[in-house]
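Working notes for the structure below.
The values are calculated or read from the model by the stated rules, or taken from the named source; none is laboratory data. None of the values given here were measured: they were computed from a predicted structure. Neighbour counts are summed over all protein chains in view; Cβ atoms, including those assigned to glycine, are modelled from backbone coordinates with ideal geometry. In case anyone asks, the SASA skips ligands and DNA or RNA and just uses the protein heavy atoms, side chains included. Shrake-Rupley method; radii C 1.70, N 1.55, O 1.52, S 1.80 Å.
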Amino acid sequence: MSASSSLAALEQGLLADIAAAADLAGLDAVRVAALGKKGSISAEMAKLGQLPAEERKGFGQAVNQVKEKVAAALEARKAALESAALAERLASERADVTLPVRPGPEAEGRIHPVSQVLDECIEIFASMGFEVAEGPDIETDEMNFGKLNIPAEHPARQEHDTFYFGTRPDGSRLLLRTHTSPVQIRTMQSRKPPIRIIAPGRVYRCDSDQTHTPMFHQIEGLVIDETTHMGHLKWVLEEFCKAFFEVDEVKMRFRASHFPFTEPSMEVDIGAEAIGKPGRWLEILGCGMVHPNVLRNCGLDPDKYQGFAFGMGLDRLTMLKYGIPDLRAFFAADLRWLRHYGFSVLDVPTLGGGLSS
Ligand code: DAH
């Protein structure tokens, strides 16, 4: 075969291979086989050196023409294959913009019912002008009991099932606070009346059954000024209950009781029709007028200042409002429970927009 007819055959073969390449990888294999270092066109080029001088120019030009044609064909086929691949992707990955938005991780998360109820309480009391105050979970014996008019041998100390730490060199004892009432003391010691605060937080008692866990939550309230009386206390609690249980009327019963830090003291029950159980009373909180000794212990003159305090269990309020039967499940970190009883992250409770919806 003459040199020119073998070049023509090479060209035809390569052009056929290019046309037959089904995808980009196949096409690249053809390119390497033709133009690569050991490719068929490169092999033709290498023959130039052995040719007599007069044939070199013609043969060189002929090989170059083949090379250019093949390169152009490769280029064209590549563009065709690429646009076919793109068209196929566009067809298979078509986005249906009419589909509903997929919920993101923020919609997967749930607000724990106790956090929800805490937010609801803060919203209600804030609307009445209460500020949120805080105190530490680890307290001294003196703050948790002494300053609250519960002296060393007082039986109330036994009732509280306290978790104690060791005794410090100065004789004071550290403990996990058994109620949020020490925040009353801290607040009265650190600022002047008028005072109007709520203090939510964790409290601890060595107790565990279906309605008791060693850690639970309370919310304390304290109002101190020169004129606040028990009528104000009753009004605040009634307004709170109506707003919290999201009802227009709520039946309340104030029962005489005893707490060392209030005088007089009361326990408050609500008529359970507010939560759909008519005919029953449910205890929801303790309250009273702040005891003169407590005011004195905080450096306030009981002849000048007076006010009220209350304390309630947040977990209990949560169980009542949302019909959750077992307190222990609150702290079991069971995702199925949280998905069932939890609240959407985006539903922030507000009085205007609804507390629980
Ligand atoms: N600290 C009390 C308890 O844990 C609850 C309580 C009762 C708080 C009466 C008060 C109050 O502020 O006035 O059992």
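Data table
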item: Calculated P(r) of the chain - Cα pairs past 28 Å, %; result: 61
item: Accessible area in square angstrom per residue, the stretch 112-341, 1.4 angstrom probe; result: 47
item: Residue among ASP209, ASP28, ASP334 with the largest mean-square fluctuation in a Gaussian network model of the chain, springs linking Cα atoms under 10 Å; result: ASP28
item: Loop-located trypsin sites (Lys or Arg not before Pro) in the stretch 227-318 whose Cβ has at most 15 other Cβ within 10 Å (DSSP); result: LYS251, ARG280, LYS304
item: Ranked packing of 54-63, 177-186, 281-290, most packed first, by mean Cβ within 10 Å; result: 177-186, 281-290, 54-63
item: Contour excess over end-to-end distance, with Cα ends at ALA72 and GLU226 and 0.36 nm allotted per residue; result: 45.7 nm
item: Euclidean distance between Cα centres, the stretch 199-239 to the stretch 1-69, Å; result: 93
item: Unsatisfied cross-links (Cα-Cα over 28 Å) in the set LYS37/LYS69; LYS251/LYS304; LYS47/LYS69; LYS147/LYS192; LYS192/LYS321; LYS147/LYS242; result: LYS251/LYS304; LYS192/LYS321; LYS147/LYS242
item: Value at 222 nm in deg cm²/dmol, rounded to 500, when DSSP H runs of n ≥ 4 in the chain each add -39,500 (n - 2.57); result: -13000 deg cm²/dmol
item: Added length on full extension, which subtracts the Cα-Cα distance from 0.36 nm per residue, LYS242 to SER190; result: 15.5 nm
